[in-house]
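Comments concern the structure below.
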Amino acid sequence: MSEQNTLTPQQILRKKAQGEAIGPGEQTHRHRHIIAVLLENSIGALNRVVNLFAARGFNLESVTVGETDDPSISRMTIATTGESRIIAQVNRQLNRLIDVLEVEDLTSEEYVERELCLLKVPYASDNRVELLDTLKIFQGKVVDVTTNTMTFEITGPAKKINAFIGMMKRYGVEEIARSGRVAMKRALLFGD
Amino acid sequence: MTHHAPPANGAQRMSGAEIFLRSLDAEGVEVVFGHPGGAVIKIYDEMARIQPNFKHVLVRHEQGGAHAAEGYAKATGKVGTVLVTSGPGATNTVTGIADAYMDSVPIVVFTGQVPTQLIGNDAFQECDTIGITRSITKHSFLVRDVRDLAQAVKKAYHIARTGRPGPVVVDLPKDVLLAETEFEYPKEVNLRGYRFKARGDDAKIQRAAAMIAEADKPLFYVGGGAVGADAADVLTRIARTARIPVTTTLHGLGAFPEDDELSVGMLGMHGTWYANMAVQNADLLIAVGARFDDRVTGKLESWAPHAKIVHIDIDPSSISKNVYVDCAIVGDVRDALMRLEPLAGACRTEAWLAQVQAWKAECPLAYEQGDGRLRAQYVLERLRRHTKGEAIVVTDVGQHQMWAAQYFQFLHARTHITSGGLGTMGFCFPAAMGAAFGRPDKTVVSISGDGGFVMNAQELSVAAAHGLPIKVVIINNKFLGMVRQWQELFHDERFSHTDLSDTNPDFVKLAEAHHCVGLRAETPDEVDGVIREAWAVSDRPAVMEFRVAKEEMVFPMVPAGASTDEMITKRLTPNAFV
Ligand SMILES: Cc1ncc(C[n+]2csc(CCOP(=O)(O)OP(=O)(O)O)c2C)c(N)n1
Ligand SMILES: [Mg+2]
């Protein structure tokens, strides 16, 4: 996944011109990347970071921003999909920004990620129990209820949220709000 | 910028406008290229009152001001300064800012802004200057509190000057300029997020030295980064000691004396045939402050096919971007070369140098002569003889730019100034004016085409008012020549909208109307006389119009996207390379 072993555009073009195959590790593949950025807590800083991705044509799947323990510093978590090589280059360009204090591509590390999702579904007496059972399996909470709708809160990795949303579809989801991912490198690694 | 230290005892209270002026003085600014307007009127008012140390030059268009600041910066190595009003004043500088960004030129552009409480209200002469310039600045500041103003000025110059240099915009709302506080110019900048690696790794420098020692056919490939880092002297010493030939990019011209036998001139699209031959046959390229851009490499896969690559650059994001680099030294170019110097002994390059000399003899730069027609190349050659490598030569964008790069011989760093990255027509004359303010000890020669010259001709009268004896050359081929060349070669000679004969002004009258001397030559034997007359003028610009053949094309040429091996060295039938 790291860009180190992947080939530069010149190397790829040369191999192709020679009719040589490009090895799986050599080509840069599209991957999802989770990038954590520490930056000055200002709107201009945020803008510059997002702009850099936009300028290279990256779609940002999610962006979250919040203050850190130091209120003058915010932390952004960016989820995007792109070629590792170009992402590594964008990360170097991010590092060049004066408002950026630290950039970390978590994708190549062991990390934990969480997302929060609020989801409103209609219910009736005949499916209420079923809904709540599913919610329980996903370790979610009911945060609001009316006579005909319930609002659930669940947190977890994006995959779990996707699975839960999948389960809820057949009840006719009225509204979904997802927070976008936040992520952090694991502090301790065992086994190596 | 929320923490405000209490002012030191004795600090004086004054307006933001005065703080701004005193900050520029404290920063050692010599010259400001500016244009007033409502949002900055307070600055101009205080300027008249307190008479700061710097010289203010009233330009006649803000784009001219931005290019003048670039020319000043490139000629002196110092930071150029621009001061304009909000809205249209700011937008008029955008081309100059983008140009400075592409070519890593250190300038600071101060723009007026509507009062903070009106920002975002579509107030009169409001525009989102920070937003518009975000992707073309190294950094920018909107100063919201007069207590942050001096620190913002300090930071702006620091950021523009250090690391990979570039333009910085400081947006100054009117109320901030009117507000008062104590002034004390900060001694230090506090930028915790701003780091650049100033010192390349020792191990990498040793590795590079070993690669140089092993190489049979090494070649220096030198870009503008070497000039910007003031590394020309050490580069020249290494090349001469190690006996390594040198090619430069357009922006690298002057980093190595072109009259040295080791020089092969410029490489790339309109480089010399022998420079490109050297690249295609080298077994080691030592890239110094260069970025492997498409005008240099042409078709990427066939460029420098036998070369291992050492790349020395301040910017880590330029390493292995297109071309694989075997040894990357990220850090200040001058520092890296200074440390490489003691490690680089003489190489076994005699056979290689003999080959390079043979290539030079085989296909030198050449053009038709002797038929009585005036050609641009001849004019440039005569100018070169007249200036002997000692003038600062500023060029615009087009055919004349490439001919100037080819037919002058640049001997010193910072004597060739042009718009390379953005390729901005209209850059030349104001940039020459900026250079003339920065280097009054040097003769400054401005070389434009008839197309580009009129794009910023208004600055002529500014240069005249300041008595600058700039030598202004207009290569008049009555065409947008470079576009015409592409049309002739690649678009079946459909000369769509490139003929300027109906819209060109009378350049001699244009010069005179701007209080300059106007001269004209139409045949080869008039050239020297016109040059002599122009050089005799010492108190204002002398404009020389040279009416040259319109059919002339710039060769050699690697057509865009073609392989460097497919360089066209002379005029061929157009169908040969479609
Ligand atoms: C502002 C701007 N507009 C358009 C171009 C595209 N362009 C590049 S070279 C050129 C022709 C320049 O003509 P002229 O100034 O007469 O120089 P010549 O090529 O004839 O020497 C043009 C239009 C440009 N580089 N900059
Ligand atoms: Mg022309």
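List of remarks:
- Given charges at beta-carbon only (K, R positive; D, E negative), |dipole| of chain A in Debye: 620
- Angle of helix B:428-438 to the longest C-alpha principal axis of chain B, folded into 0 to 90 degrees and rounded to 10: 70°.
- Links that overshoot a 24 Å alpha carbon limit, given the list A:Lys16/B:Lys299; B:Lys78/B:Lys187; B:Lys154/B:Lys174; B:Lys155/B:Lys204; B:Lys187/B:Lys442; B:Lys550/B:Lys570: B:Lys155/B:Lys204; B:Lys187/B:Lys442
- Solvent-accessible surface (1.4 angstrom probe) belonging to B:His270, in square angstrom, nearest 10: 10
- Accessible surface computed residue by residue for the protein assembly as shown, with neighbouring protein chains in place and a 1.4 Å probe, gives 42 Å² per residue.
- Taking the DSSP beta bridges with both ends in the protein assembly as shown, the antiparallel portion is around 45 percent.
- Crossing angle, helix B:202-214 versus chain B [Cα axis fit, 0-90 degrees, rounded to tens]: 20
- Here the Kirkwood formula puts the hydrodynamic radius of the range B:12-183 at 15.4 Å, using every distinct Cα pair.
- Around the Cα centre of the range A:111-185, unit charges on the Cβ atoms of Lys, Arg, Asp and Glu (plus for the first two, minus for the last two) sum to a dipole of about 360 debye.
- Sorted from greatest to least, the principal axis extents spanned by the alpha carbons of chain A come out as 68, 46, 39 Å.
- Dividing the helix sum by the residues of chain B, where each DSSP H run of 4 or more adds -39500 (n - 2.57), gives a mean residue ellipticity at 222 nm of -10000 deg cm²/dmol.
- For the range B:382-433 versus the range B:326-344, the spacing of their alpha-carbon centroids is 29 Å.
- Order of exposure, largest accessible area first, which applies to A:Val63, B:Val109 with probe 1.4 Å: A:Val63, B:Val109
- Descending principal axes extents, the range B:327-392, alpha-carbon based, whole Å: 53, 33, 21
- Ordering B:Gly64, B:Val264, B:Val32 by Cα displacement along the dipole of the protein assembly as shown toward the positive end leaves B:Val264 in first place; charges were set at the Cβ atoms of Lys, Arg (+1) and Asp, Glu (-1).
- Residues losing 50 Å² or more accessible surface upon assembly, the range B:177-211, compared with the chain by itself, 1.4 Å: B:Arg192, B:Gly193, B:Arg195
- By the equivalent-ellipsoid construction on the alpha carbon gyration tensor, the range B:376-555 comes out with semi-axes of 24, 18, 16 Å, ordered largest to smallest.
- Protein accessible area in chain B, 1.4 Å probe - carbon and sulfur %: 49
- Heavy-atom accessible area, 1.4 Å probe, ligands and nucleic acids excluded: residues of the range A:39-57 down by at least 50 Å² from chain alone: A:Arg48
- Those GluC sites (Glu not before Pro) in the range B:464-531 that DSSP places in a loop and that have at most 10 other beta carbons within 10 Å: B:Glu493
- Surface share of carbon and sulfur [accessible, 1.4 angstrom probe, percent] for chain A: 51
- For the range A:28-105, the Kirkwood estimate of hydrodynamic radius, built from reciprocal distances between every pair of different alpha carbons, is 12.4 Å.
- Kirkwood analysis of the Cα pair distances in the protein assembly as shown returns a hydrodynamic radius of 28.9 Å.
- Charged-residue dipole, Cβ positions (Lys, Arg, Asp, Glu), the protein assembly as shown about Cα centre, Debye nearest 20: 820
- Buried on assembly, the range B:281-320 (at least 10 Å² less accessible surface than by itself, 1.4 Å probe): B:Leu300, B:Glu301, B:Trp303, B:Pro305, B:Asp315, B:Pro316, B:Ser317, B:Ile319, B:Ser320
- Accessible-area order (highest first, 1.4 angstrom probe) of the listed residues B:His35, B:His416: B:His35, B:His416
- Whole-percent pair-distance distribution, where bins are 10 Å wide, for the alpha carbons of chain B: 4, 17, 26, 25, 18, 8, 2, 0
- Gyration tensor verdict on the range B:202-362 (Cα atoms; rounded if a/c is under 1.5, prolate if a/b is larger than b/c, oblate otherwise): rounded
- With a 1.4 angstrom probe, the accessible area lost at the A-B interface totals about 2300 Å².
- Rounded FRET efficiency, nearest 0.05, which uses the C-beta distance separating B:Asp216 from B:Met338 and R0 of 25 Å: 0.45
- The heavy atoms of B:Leu250 offer some 30 square angstrom of accessible surface to a 1.4 angstrom probe.
- Area accessible to solvent at A:Asp105, 1.4 Å probe radius, in Å²: 40
- Per-residue ellipticity at 222 nm, computed for chain A from helices alone with -39500 (n - 2.57) per DSSP H run of at least four residues, works out to -9000 deg cm²/dmol.
- Residue order for B:Leu118, A:Leu94 - accessible surface, 1.4 angstrom probe, largest first: B:Leu118, A:Leu94
- For the range A:150-190 versus the range B:143-209, the gap between their alpha-carbon centres in whole angstrom: 42
The values are calculated or read from the model by the stated rules, or taken from the named source; none is laboratory data. Since the model is a prediction, treat every value here as computed from it, not as a measurement. Heads up, the Cβs are rebuilt from the backbone with ideal geometry, glycines too, and the neighbour counts pull from every protein chain shown. Protein only, heavy atoms only, side chains kept; ligands, DNA and RNA dropped before computing areas. Shrake-Rupley method; radii C 1.70, N 1.55, O 1.52, S 1.80 Å.
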